[in-house]
Amino acid sequence: MRLFWIYLAVINVAAFVVYGVDKRKAKTGAWRIRESVLLFLAAAGGSVGAMLGMLVFRHKTKKTSFKVRIAVILVLQAVAIAAWFYTHKPV
């Protein structure tokens with residue numbers, strides 16, 4: 001279980017950093033990170049980091065479809081974690 005929390009921490013930090021890097025690239029006109037990569041990081045467990053990256057860096061906030069997809073991923077992951085804790089209560 002501890003490994004799971006370490007994984008979540010790492011993937012969320014990675015997502016946050018990648019969103020910041022992509023925002024910097026957007027400002028400088030450099031080669032961008034694909035949207036599919038940004039969504040994959042969120043779907044791989046980094047939805048909190050992705051959402052924070054969007055808010056902190058003001059990145060992809062005008063793209064409604066992208067915001068909705070990140071929000072849906074976040075909610076689904078929160079429900080999955082809550083369901084796991086509900087079904088694995090210590091006795």
Would you order 19, 86 from fewest to most other beta-carbon atoms within 10 Å of each residue's own beta-carbon? 86, 19
Counting each DSSP H run of 4 or more residues in the chain as -39500 (n - 2.57), what helix-only mean residue ellipticity at 222 nm follows after dividing by all residues, to the nearest 500 deg cm²/dmol? -25500 deg cm²/dmol
Cut-off 12 Å, label point 7 angstrom out along Cα-to-Cβ of residue 86: give me the residues of segment 27-46 whose amide nitrogen falls inside. none
Given charges at Cβ of Lys, Arg, Asp, Glu: segment 2-91 dipole, positive-most of 70, 5, 85: 70
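For segment 50-91, state which trypsin sites (Lys or Arg not before Pro) are in a DSSP loop and have at most 13 other beta carbons lying within 10 Å of their beta carbon. Don't jump to the answer; show the numbers that get you there.
Details: sites: 58, 60, 62, 63, 67, 69; in loops: 58, 60, 62, 63.
When the trypsin sites (Lys or Arg not before Pro) of segment 50-91 are filtered for loop state and at most 13 Cβ neighbours within 10 Å, 58, 62, 63 remain.
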Simple SL model, points at 7 angstrom along Cα→Cβ for residue 72 and residue 56; separation in nm is 2.7
So how strong a dipole does the chain carry about its Cα centre when Lys and Arg Cβ are +1 and Asp and Glu Cβ are -1, to the nearest 20 debye? 420
So if each residue of separation counts as 0.36 nm, and I subtract the Cα-Cα distance between residue 5 and residue 63, what length gain in nm does that give? 17.9 nm
Apply the Karplus parameterisation 6.51 cos²θ - 1.76 cosθ + 1.60, with θ equal to phi minus 60°, to every residue of segment 72-89 and state each ³J(HN,Hα) to the nearest whole Hz, in sequence, with x for glycine and proline. 5, 4, 4, 5, 4, 5, 5, 5, 4, 5, 4, 5, 4, 5, 5, 8, 10, 5
Of (1) 65; (2) 51; (3) 45, which is the value of percent of Cα pairs over 18 Å apart derived from the coordinates here? (3)
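Taken together, the values in this text are just the output of simple stated rules run on the coordinates, not laboratory data. Everything numeric here is computed off the predicted structure, so don't read it as measured data. We place every Cβ from the backbone using ideal geometry, glycine too, and count neighbours over all the protein chains shown.
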